[in-house]
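Inspection log for the structure reproduced underneath, given as structure tokens.
Only the coordinates and a few stated rules stand behind these numbers; no lab work does. What you are looking at is a predicted structure, and each value in this text was computed from that prediction instead of being measured. Quick reminder, even Gly has a Cβ in these numbers, built from the backbone with ideal geometry, and neighbours come from all protein chains shown.
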Amino acid sequence: MEVIADVNFNAFDMNLLRVFDALLKERSVTRAGERIGLSQPAVSAALNRLRHHLGDQLLVRVGNEMLPTPRAEALQESVQRALAMLEAALGAGETFDPARVERTVTLLGADFFSTTLVPALFREFAGIAPGIRLRMLDSSRGDVGRMLQDDAIDAALERPLVMPDWIASEILFRSPFAVIARRDDPAIRASGLKSGDEMPLDLFCAQPHALRSIDGGFSGATDLALAAIGRERRVVVAVPQFAAIALCVAEGGLISVVPSQFAEIAARQFDLAIFRPPVPIAVPDIRLYWHARHSEEDWHRWLRGMILDIVRRQGFEATAEAWHPSP
């Protein structure tokens with residue numbers, strides 16, 4: 001951690017710290033301006049003034065992104081903490097009113113949440129917090145802990161992750177797995193299986209599989225479960241989006257092991273059959289993660305409450321109970 005030294009504070013414009021904070025979060029002059037309501041030229045001018053005051057480039061362009069210098073990284077935590085304290089002090093005693101919030105809310109998670117949570121969440125915002133813009137980043141975007149530390153995201157909806165103590169989390173729902181397949185798949189029809197049945201192990205291993213993989217790998221939790229009993233499956237397609245998985249199954253004749261909540265959505269949209277896996281697969285908890293420094297902020301408590309309420313109303317835990325009853 002570093003403090004700003006050798007700066008004449010009588011001549012220093014504290015608004016420059018807001019620009020500095022936005023640039024570190026967005027890594028883009030344009031996006032930083034959008035975040036704090038300034039034009040691109042105004043942000044560029046502010047950055048040049050900061051560079052003059054601090055005697056450092058602070059951010060340098062690398063490709064399409066602006067990356068912080070070591071001096072900027074050293075200053076980041078102190079500046080963010082100071083701005084948060086100032087915001088809390090100025091807002092002390094005020095009653096939180098969602099209708100007065102003017103900000104961009106940025107969440108990170110799989111495209112599953114883009115098609116389920118985001119539309120419902122935005123409907124809520126439009127009615128009671130019209131000043132909020134909502135942005136969803138894909139879970140492959142980057143390191144969750146670092147993005148929360150940098151305030152590049154407000155919260156993440158993710159599988160269980162190993163996190164430092166300063167990251168808070170709360171369970172959203174359990175996410176047991178199910179198998180989706182075309183109803184007219186020849187091998188499945190010949191087996192006499194009905195939707196909801198357990199797929200026989202030999203049939204499961206013989207069918208071509210599609211796998212949702214954000215890193216391009218061809219194995220996952222299902223393969224670990226199969227390896228434990230000396231079996232393996234044929235994964236022939238790996239794609240990073242759940243929406244693409246549904247299309248691979250519906251149009252490509254593959255089968256796929258997916259979270260049960262997504263299985264039910266895909267089955268409705270593409271008239272697919274759903275089966276139980278032939279092996280027990282570890283059931284992950286999907287959790288909501290956020291930086292603990294925001295835990296007591298009124299607006300962030302409100303945001304988390306909105307997300308939890310929408311997930312409850314969408315019946316994700318009820319779906320989990322139907323496919324994998326709690327012990």
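Which net charge results for the neighbourhood of ARG312, defined as the other residues with beta-carbon distances under 14 angstrom from its beta-carbon, given Lys and Arg at +1 and Asp and Glu at -1? Walk me through the numbers on the way to the answer.
Details: positive: ARG174, ARG304, ARG313; negative: GLU124, GLU170, ASP309, GLU317, GLU321.
Charge balance in the 14 Å sphere: -2.
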What spacing in nm lies between the two simple spin-label points modelled at ALA206 and ASP165, each 7 Å away from Cα in the Cβ direction? 5.6
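For the stretch 177-275, what does the convex hull of the Cα positions come to per residue, in cubic angstrom? Could the numbers behind the result be given before it?
Numbers: hull volume 8.5 nm³, N = 99.
Hull volume over Cα atoms, normalised by residue count, gives 86 Å³.
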Under 5 Å, built H, 5+ apart or other chain: amide partners of PHE173: ILE286
Fully extended, how many nm does the chain gain between GLN269 and ASP97 (0.36 nm per residue separation, minus their Cα-Cα distance)? 58.1 nm
Under the 7 Å Cα-to-Cβ spin-label approximation, ARG61 and GLU296 lie apart by a distance in nanometres of 4.3
Of the candidate values (1) 1.06; (2) 0.97; (3) 0.99, the one computed for Rg/Rh (Cα atoms, Kirkwood Rh) from this structure is (1)
THR104 long-range amide H proximity, modeled H, under 5 Å: ARG133
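Identify the chymotrypsin sites (Phe, Trp or Tyr not before Pro) of the stretch 219-299 meeting these criteria: DSSP loop state and at most 16 other C-beta atoms within 10 Å of the C-beta. Before the final figure, lay out each step's value.
On the way: sites: PHE242, PHE262, PHE270, PHE275, TYR289, TRP290, TRP299; in loops: none.
For chymotrypsin sites (Phe, Trp or Tyr not before Pro) across the stretch 219-299 that sit outside H, G, I, E and B with at most 16 neighbouring Cβ atoms in 10 Å, the list is empty.
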Would you tally the net charge around ALA266, using a Cβ to Cβ cut-off of less than 14 Å, leaving ALA266 out, and scoring K and R as +1, D and E as -1? 0
Once amide H atoms are built 1.01 Å from N in the peptide plane, which residues 5 or more positions from VAL237, or in another chain, come under 5 Å H to H? HIS209, LEU211
Using only Cα atoms, tell me the angle between helix 70-91 and the longest principal axis of the chain; keep it within 0 to 90° and round to the nearest 10. 80
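What FRET efficiency would be calculated for the residue pair ASN48, ASP138, taking the C-beta separation as r and a Förster radius of 35 Å, to the nearest 0.05? Each step should come with its number before you reach the end.
Details: r = 33 Å, r/R0 = 0.94.
The value I calculate is 0.60.
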On a 0 to 90 degree scale, rounded to 10, what angle separates helix 40-54 from the longest Cα axis of the chain? 60
May I ask for the angle, rounded to the nearest 10°, between helix 298-313 and the longest principal axis of the chain, with both axes built from Cα atoms and the value confined to 0 to 90°? 10
Under a Cβ-Cβ cut-off of 13 Å, what is the net charge of the residues other than VAL162 that fall near it, where Lys and Arg count +1 and Asp and Glu count -1? -1
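Any chance you could run the full-extension gain for LEU308 through ALA74? It's 0.36 nm times the residue separation minus the Cα-Cα distance, nm to one decimal. Walk me through the intermediate numbers first.
Details: separation 234, 0.36 × 234 = 84.24 nm, distance 3.49 nm.
Difference between extended and current length: 80.8 nm.
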Its Cα gyration tensor gives the stretch 15-91 an equivalent ellipsoid whose semi-axes in whole Å, largest first, are 19, 15, 11
How far is the Cα center of the stretch 173-224 from the Cα center of the stretch 270-323, in Å? 22
Rounded to the nearest 20 Debye, what is the dipole magnitude of the chain about its Cα centre when Lys and Arg each give +1 and Asp and Glu each give -1 at the C-beta? 600
